[in-house]
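Engineer: Would you mind keeping the following structure in view while I ask a few things?
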């Protein structure tokens with residue numbers, strides 16, 4: 001195992017942009033140009049074409065929210081261990097947000113940030129796999145609602161830190177705090193292995209041991225959230241126990 005001093009420091013350098021299409025796209029361009037550094041953070045005040053999961057758009061008000069991408073060299077993780085990084089980022093994001101929003105903060109599988117039953121943030125990790133099958137880069141994009149109080153009616157359940165606390169925040173200062181949490185958790189993952197992060201992830205799981213509605217293709221069904229496997233599959237119990245990969249099943253929301 002590498003020593004802590006050998007591990008990239010997440011948040012260094014910290015690149016601040018005024019406007020960009022997507023911080024993940026910007027990070028990808030830097031990688032292709034050979035200009036990326038491991039641990040580099042890319043923050044923007046305005047993101048005009050933010051990306052969410054499954055091809056969705058992540059809309060964000062200018063100067064109001066965290067739009068941040070971290071460039072990570074995931075070694076010594078293997079390409080089969082992508083969920084380990086995903087869980088690590090989710091736990092770090094929870095740790096950061098929990099300081100301000102408290103116990104109602106949860107991780108919704110696979111890696112959304114929830115407060116009560118409302119979405120406060122999301123994570124989009126884009127992986128770059130080399131020709132030899134090696135996991136060369138991970139671009140960890142995060143969007144977190146901070147000071148925004150008016151949202152599109154097309155979004156079913158958004159919430160911001162300001163709505164939760166009643167306070168205004170300095171967004172760029174919070175983005176740097178988030179980098180500290182990410183750095184701490186990534187070093188924990190590399191030095192202590194996945195088990196501590198995995199146990200935290202399970203404990204923080206949204207709707208754990210509760211019945212929810214899920215949708216697979218055209219089938220909507222009720223099931224109890226039992227766990228998430230170490231490989232990242234959602235484990236649910238209804239008439240039988242089933243496991244679902246990311247993308248195989250969706251949370252069913254009558255407001256969607």
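Quick grid of which residues meet (1) in the same structural domain as residue 119 (by TED's automatic domain parsing); (2) in a strand (DSSP E or B); (3) under 14 Å from residue 69 (Cβ atoms); (4) in contact (Cβ under 8 Å) with a residue 60 or more places away in the chain:
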| residue | (1), (2), (3), (4) |
| --- | --- |
| 15 | yes, yes, yes, no |
| 27 | yes, no, yes, yes |
| 30 | yes, no, yes, no |
| 34 | yes, no, no, no |
| 39 | yes, no, yes, yes |
| 42 | yes, yes, yes, no |
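Engineer: Counting only residues that are touching a residue at least 12 places away in the same chain (Cβ under 8 Å) and surrounded by fewer than 20 Cβ atoms within 10 Å (Cβ to Cβ), how many does the stretch 172-187 have?
Structural biologist: Number of matching residues: 6.
Engineer: What tally of residues in the stretch 125-149 results from selecting those that are without any contact (Cβ under 8 Å) to a residue 60 or more places away in the chain and under 19 Å from the mean Cα position of the chain (by Cα)?
Structural biologist: 2
Engineer: Name the single residue, out of those in the stretch 223-249 being outside any strand (DSSP E or B) and modelled with pLDDT under 95, that is nearest to residue 82 (Cα to Cα).
Structural biologist: Among those that are outside any strand (DSSP E or B) and modelled with pLDDT under 95, it is 245.
Engineer: Additional query: Determine whether the stretch 157-166 contains at least one residue that is within 20 Å of the chain's Cα centre (by Cα), without any contact (Cβ under 8 Å) to a residue 12 or more places away in the chain and surrounded by 14 or more Cβ atoms within 10 Å (Cβ to Cβ).
Structural biologist: For the stretch 157-166, residues within 20 Å of the chain's Cα centre (by Cα), without any contact (Cβ under 8 Å) to a residue 12 or more places away in the chain and surrounded by 14 or more Cβ atoms within 10 Å (Cβ to Cβ): absent.
Engineer: Take residue 64 and tell me if it is buried (at least 23 other Cβ atoms within 10 Å of the Cβ), in contact (Cβ under 8 Å) with a residue 12 or more places away in the chain, assigned by TED's automatic domain parsing to the domain that holds residue 193 and not in a helix (DSSP H, G or I).
Structural biologist: no
Engineer: Just a yes or no: is a residue in the stretch 2-10 surrounded by fewer than 17 Cβ atoms within 10 Å (Cβ to Cβ), modelled with pLDDT under 95 and touching a strand residue (DSSP E or B) at 6+ places or on another chain (Cβ under 8 Å)?
Structural biologist: No, there is no match, as no residue in the stretch 2-10 is surrounded by fewer than 17 Cβ atoms within 10 Å (Cβ to Cβ), modelled with pLDDT under 95 and touching a strand residue (DSSP E or B) at 6+ places or on another chain (Cβ under 8 Å).
Engineer: Something else now. Before we move on, is residue 231 exposed (fewer than 15 other Cβ atoms within 10 Å of the Cβ), within 20 Å of the chain's Cα centre (by Cα), without any contact (Cβ under 8 Å) to a residue 40 or more places away in the chain and more than 30 Å from residue 149 (Cα to Cα)?
Structural biologist: So residue 231 does not fit the description; no.
The values are calculated or read from the model by the stated rules, or taken from the named source; none is laboratory data. Because the structure is a prediction, the values reported are computed rather than measured. Cβ coordinates were reconstructed from backbone atoms using ideal geometry, including for glycine residues, and neighbour counts include every protein chain displayed.
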